[in-house]
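Encoded as structure tokens, the structure appears first; notes follow it.
The values are calculated or read from the model by the stated rules, or taken from the named source; none is laboratory data. Since this is a predicted model, take the numbers as computed values, not measurements. Cβ placement follows ideal geometry from the backbone for every residue including glycine, while neighbour counts extend to all protein chains displayed. Accessible surface is based on the protein model in full, side chains and every heavy atom, while ligands, DNA and RNA are left aside. Shrake-Rupley method; radii C 1.70, N 1.55, O 1.52, S 1.80 Å.
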Amino acid sequence: MPIRIEDAGAHVGREVEIRGWLYNKRSSGKIHFLLIRDGSGIMQAVMAKSEVPAVAFQAAEALTQESSIIVRGMLRADPRAPGGYELSLADLQVVQQAAPYPITPKEHGVEFLMDHRHLWLRSRRQHALMRIRAEVMKGCTDFLDSRGFLRVDTPILTPASVEGTTTLFETTYFDLGRAYLAQSGQLYNEAAAAAFGRVYCFGPTFRAEKSKTRRHLIEFWMIEPEAAYMSMDEYMELAEEMISALVARVLERRRGELDVLERDLKPLEAVQPPFPRISYDEALERLAAAGQPLTWGEDFGGDEETIISSAFDRPVFVHRYPAQCKAFYMQPDPQRPDVVLGADLLAPEGYGEIIGGGERIYDPAMLERRLDEHKLPKDVYRWYLDLRRYGSVPHSGFGLGIERTVAWIAGIEHVREAIPFPRLLNRLYP
Ligand code: 4AD
Ligand code: MG
């Protein structure tokens, strides 16, 4: 009976079959130690010459790394074995003898590994990362589902920009002219929020941005909740609860993966609500005090974010940014119209902004003015302006970048390893 390695515990003392690949091998004359991976885990299989057909023993002798194999044997619990279980082999079938595998246990450079991303995904480290990624994504949707948010998907091919025209990916759309890949699902989310009250979209988003930092991808995944009648303060409460729930979930369910990555768990355990909240103006004072002054009105770069967040042991909200450095849709603060009711969440340990969000303009005249100021073509935003004509309400939402969140929780250097096939400024392959 074929089993999966992750379910081994349920099959101890039985003859089982595992279908997988050879991860690694050691031999000592009369005995082969095969490390077998099947996608769900890695298990050691021991093959004694005296206990298998001669052809099987010879096949194991010649077996190359990543050859595909089907093995049968007695499953035993063994506390000394990696993973706690071991297979005593009775037979081995080679499905394909692999060509010399380019990724060997020795160290390889990142560019080499990225060129072989299609194979690199088979490694233990990448397994840990992809499992944490899946856990984060599931954690987000479970959290929002439990809060009454309905998933309403938004289009990827769109006629208009959300986050400024300088980072649009352009393509032609039959006879209708230009189309752009979505930078965010937000505008459609706002229509959905007016229809369903609380919604979220979740999908790939695109930024044609010539940034080559450890935080930037050209294609990244974003989950975006949006709710009618939600204020900025309520948005921050929702976001801090969501982030805290996510971190707790990964700590609980993906401890083994965090161990593989040698993640220091202490900083993650500190992630509990409430998160500190500081204004943009206060952030500027902190930057000046740290010897990194910034002119009022400029947006933060990665260095500024690192300085601001390093003062706190958990994520920090920075709110009330100058209107001039934020997107056209941001609601001005009625007390002080030169700043907007937007807030970003900066992750600790130098990971930078993981969430951007806030209140949206709901007054039609003001929104039209902003579109003009930003020189955006009003005809493609007609439907968006309609939302302000037919039962307009104050509303808020935010976008959480999955890869930055995964990179932070997993404690890795660069977002490129937080997505299966990264799209970077200098990389479209594989
Ligand atoms: O701050 P951003 O641009 O906000 C929006 O797109 C809003 N429309 C979201 C909303 O309110 N519904 O992006 C949100 C998040 C960032 O905080 C970051 O985590 C991630 O998306 N992000 C990127 N991640 C990787 N590479 C990039 N180039 C990213 N740009 C943004
Ligand atoms: Mg942002």
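Key figures for this structure:
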{"item": "Area accessible to solvent at Asp386, 1.4 Å probe radius, in Å²", "result": "60 Å²"}
{"item": "Efficiency of FRET from Cβ geometry, Glu252 and Ser310, R₀ 35 Å, rounded to 0.05", "result": "0.80"}
{"item": "Top of Thr166, Thr295, Thr141 by mean-square fluctuation, Gaussian network on the chain, Cα under 10 Å", "result": "Thr295"}
{"item": "Neighbour cut-off at most 11 other Cβ (10 Å), DSSP loop, GluC sites (Glu not before Pro), region 393-426", "result": "Glu413"}
{"item": "On Cα atoms only, tilt of 364-373 relative to the major axis of the chain in degrees", "result": "80 degrees"}
{"item": "Label-point gap, in nm, between Arg14 and Asp379 - each point 7 angstrom along Cα→Cβ", "result": "6.7 nm"}
{"item": "Average accessible surface area per residue within the chain, 1.4 Å rolling probe, Å²", "result": "46 Å²"}
{"item": "Sequence of Phe275, Phe169 from largest to smallest accessible area, 1.4 Å probe", "result": "Phe169, Phe275"}
{"item": "Whole-Hz couplings from phi, Karplus 6.51/-1.76/1.60, listed for region 273-280; x for Gly and Pro", "result": "x, x, 8, x, 10, 10, 7, 4"}
{"item": "Crossing angle, helix 232-253 versus the chain [Cα axis fit, 0-90 degrees, rounded to tens]", "result": "10 degrees"}
{"item": "Cα-Cα pairs of the chain separated by more than 42 Å (percent)", "result": "27 percent"}
{"item": "Sites Glu6 and Asp259 - FRET efficiency at Förster radius 22 Å, r taken between beta-carbons, to 0.05", "result": "0.90"}
{"item": "Qualifying trypsin sites (Lys or Arg not before Pro) for region 353-399 [loop in DSSP, other Cβ within 10 Å: at most 15]", "result": "Lys375, Arg389"}
{"item": "Net length gained if the chain between Ala48 and Ile31 were fully extended (0.36 nm per residue, minus Cα distance)", "result": "5.7 nm"}
{"item": "Qualifying lysines (Cα of each under 18 Å from Cα of Lys25; at least 8 residues distant if same chain)", "result": "Lys49, Lys106"}
{"item": "Portion, in percent, of the accessible area of the chain that falls on carbon or sulfur, probe 1.4 Å", "result": "52 percent"}
